[in-house]
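The values are calculated or read from the model by the stated rules, or taken from the named source; none is laboratory data. Model, not experiment: these values are computed from the prediction. Glycine also receives a Cβ, built like all others from the backbone with ideal geometry; neighbour counts cover every protein chain displayed.
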Amino acid sequence: MNYKYLLISLLLVLFDRNILFSQNLNDWNTIIGSAFLENKSYNLLEKICDEAGGRIIGSPQNEKALKILSDELIKLGYNPVYEKFKTKGWVRGDDQIIVKTPVLKKLKAVALGYVNTTPTFESEIVYAGYGYDEDYQNIDAKNKIVLVTRETPSGKDALFSSELIKIAAGKGAKAILFISEKSGTLVIARTGNFQGDATEIPAFNLSYEEGKWLQRLYEKKIITTIEITTKSYCKEVETANLVASLPGKVSDAIVVGAHIDSWDLGQGGIDNGQGTAILYDIARVFKKYFPDNYYTINFVWLNGEELGLLGAKKYVEMHKNDKIIAMINMDMTGIPEGFNCMGFDEFIPFLNNLVKKLNGFDLKQGVQSSPWTNSDHEPFMLAGIPTFTVMAHLDEDMYKYYHEMGDSFDKVNKKYISEAVAVIGVLLKELANNTVIKFQIKSEKEMIDILTNSHIDKTLKRQKEWIYK
């Protein structure tokens with residue numbers, strides 16, 4: 001027997017256990033017990049939803065939500081800081097879309113973010129299928145209103161709103177109307193782009209039912225004219241990310257984030273009320289039971305996610321000289337089913353062990369390392385900062401009303417919040433006190449490789465979110 005090899009193997013196992021078994025079971029029990037027995041965030045979220053409501057960035061409702069949250073953090077003993085910034089914003093006006101012929105009917109429609117005010121106009125509609133350039137081959141869209149379906153095309157990548165708008169504008173269209181991919185008279189709020197630029201032409205989302213009606217009229221060659229009044233407008237806004245900190249033995253910091261803003265149609269109960277509430281309760285548990293950690297913990301309620309990850313981008317920019325060693329993001333988080341380390345594969349063993357040890361939770365999805373986009377983790381991930389999200393279960397009526405009026409507090413499940421606080425709280429406790437794991441910020445080349453191998457480089461480039469040369 002090669003005793004030297006056996007000794008080395010034993011040392012490696014012990015070293016591995018030091019990394020993967022650093023948790024204190026009593027600490028875990030405290031976190032999990034408090035998450036269920038002392039939940040304070042459910043009532044806080046009810047107050048935010050009912051008294052502030054939909055919280056689009058720069059709005060009075062958004063400011064009120066920040067104030068409610070700040071007041072509650074002060075009660076916990078924090079000194080929350082408003083990190084103010086100016087950014088491109090948007091205000092929804094009294095927009096109207098009215099069918100004039102063949103019958104008079106006001107449509108249920110919502111403007112996309114960054115649609116700007118235009119004089120009232122009237123024109124015929126043309127139907128351009130999925131909105132690809134080739135769909136316009138036999139259509140004269142000049143000075144017309146283009147109708148496009150958001151249903152998923154077969155064998156092709158669906159185009160983003162910004163791409164569809166640009167194509168329609170290039171064909172000379174006066175406006176574009178999107179038919180919802182969801183039935184049930186739902187009209188989904190979306191942004192026109194991620195850069196805060198006024199859309200080239202007015203763009204609106206319609207319900208599936210009314211959109212399909214207009215499509216049928218066009219296909220029957222029944223001339224359909226529509227009058228559009230756009231009073232929404234772009235404007236610069238001053239807003240803030242809200243930060244509550246627990247200084248550690250070192251200044252190297254873990255950011256735990258969730259966006260506090262929501263679309264204005266509903267109350268933002270799920271998107272992102274649940275993330276907002278989970279973050280608050282984790283902050284409560286740590287302030288009460290674990291205020292002293294090796295690494296500094298910054299709990300950050302980010303603003304403006306829905307209009308282009310505005311607050312997250314600004315936070316990364318404002319703290320570029322700080323050493324942020326990791327980021328945990330919570331967006332529409334429900335019952336945890338696993339962890340995603342976003343291409344930072346060095347954390348897979350650590351997370352696999354966490355899944356095994358959290359045996360009382362149904363973490364059936366285990367651990368993935370698959371980067372994805374369009375949430376507040378993205379700017380941190382692009383900066384090379386190790387980034388974590390939780391794969392989670394939501395009930396059908398929670399995601400059915402995504403970006404819609406039905407996203408209200410009555411959909412929120414208190415137990416789901418407690419489960420998330422428990423699991424993410426344990427994750428944070430382990431990350432914030434493990435001095436064996438080396439948190440390495442990845443280089444630009446390493447990130448390009450990760451994103452390219454994960455096939456999301458094309459998505460980022462199409463959305464003009466690719467930050468690399």
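Data overview
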read-out: Close pairs (6 angstrom Cβ cut-off, 6 or more residues apart or separate chains): at positive phi in the range 362-389, of a type in the set (Lys, Arg) anywhere; value: Gly384/Lys442
read-out: In the range 198-235, residue nearest to Phe121 (Cα to Cα) [restricted to those that are in a loop (DSSP other than H, G, I, E, B) and free of Cβ contacts under 8 Å to residues at least 24 places away in the same chain]; value: Lys221
read-out: Residue in the range 284-295 that is over 27 Å from Asn39 (Cβ atoms), out of contact with any strand residue (DSSP E or B) (no Cβ under 6 Å at 6 or more places or on another chain) and of a type in the set (A, V, I, L, M) present; value: no
read-out: Qualifying residue in the range 258-266 (condition: touching an Asp or Glu at 6+ places or on another chain (Cβ under 8 Å), within 27 Å of Val91 (Cβ to Cβ), assigned to a strand (DSSP E or B) and not assigned by TED's automatic domain parsing to the domain that holds Glu124); value: yes
read-out: Of residues in the range 69-126 being closer than 26 Å to Asp261 by Cβ and of a type in the set (Asp, Glu), the one surrounded by the fewest Cβ atoms within 10 Å (Cβ to Cβ); value: Asp94
read-out: Strands (runs of 3 or more DSSP E) contained in the range 22-140 and holding at least 1 residues closer than 30 Å to Ala277 by Cβ; value: 81-91, 109-111
read-out: Flag for Val256 being touching a strand residue (DSSP E or B) at 6+ places or on another chain (Cβ under 7 Å), buried (at least 23 other Cβ atoms within 10 Å of the Cβ) and closer than 25 Å to Gly308 by Cα; value: yes
read-out: Single unsatisfied condition, Leu279 versus (1) outside the structural domain of Gly77 (by TED's automatic domain parsing); (2) under 26 Å from Gly406 (Cβ atoms); (3) assigned to a helix (DSSP H, G or I); (4) out of contact with any Lys or Arg (no Cβ under 7 Å at 6 or more places or on another chain); value: (1)
read-out: Criterion: under 23 Å from Glu306 (Cβ atoms), part of a helix (DSSP H, G or I) and among the hydrophobic types (A, V, I, L, M, F, W, C) - qualifying residue of Leu159, Leu164; value: Leu164
read-out: Output for the range 344-360, where each listed residue is surrounded by fewer than 18 Cβ atoms within 10 Å (Cβ to Cβ) and touching a helix residue (DSSP H, G or I) at 6+ places or on another chain (Cβ under 7 Å); value: Pro349
read-out: Selection count where residues are surrounded by fewer than 14 Cβ atoms within 10 Å (Cβ to Cβ) and in contact (Cβ under 8 Å) with a residue 40 or more places away in the chain, scope the range 134-184; value: 1
read-out: Matching entry among Lys323, Lys288, Lys364 (being under 30 Å from Ile68 (Cβ atoms), surrounded by fewer than 22 Cβ atoms within 10 Å (Cβ to Cβ), in the same structural domain as Gly58 (by TED's automatic domain parsing) and modelled with pLDDT of 95 or more); value: Lys288
read-out: Residue in the range 209-219 that is assigned by TED's automatic domain parsing to the domain that holds Asp71, more than 30 Å from Asn43 (Cα to Cα) and touching a Phe, Trp or Tyr at 6+ places or on another chain (Cβ under 6 Å) present; value: no
read-out: Which listed residue, of Val81, Val103, is more than 23 Å from Ser418 (Cα to Cα), in the same structural domain as Thr117 (by TED's automatic domain parsing) and at pLDDT 95 or above; value: Val103
read-out: Within the range 342-359, tally of residues that are assigned to a loop (DSSP other than H, G, I, E, B) and in contact (Cβ under 8 Å) with a residue 24 or more places away in the chain; value: 4
read-out: Residue check for Asp50: closer than 30 Å to Glu124 by Cα and in contact (Cβ under 8 Å) with a residue 40 or more places away in the chain; value: no
read-out: For Asp410: the one exception among (1) more than 20 Å from Leu112 (Cα to Cα); (2) in contact with a Ser or Thr (Cβ under 7 Å, 6 or more places away or on another chain); value: (2)
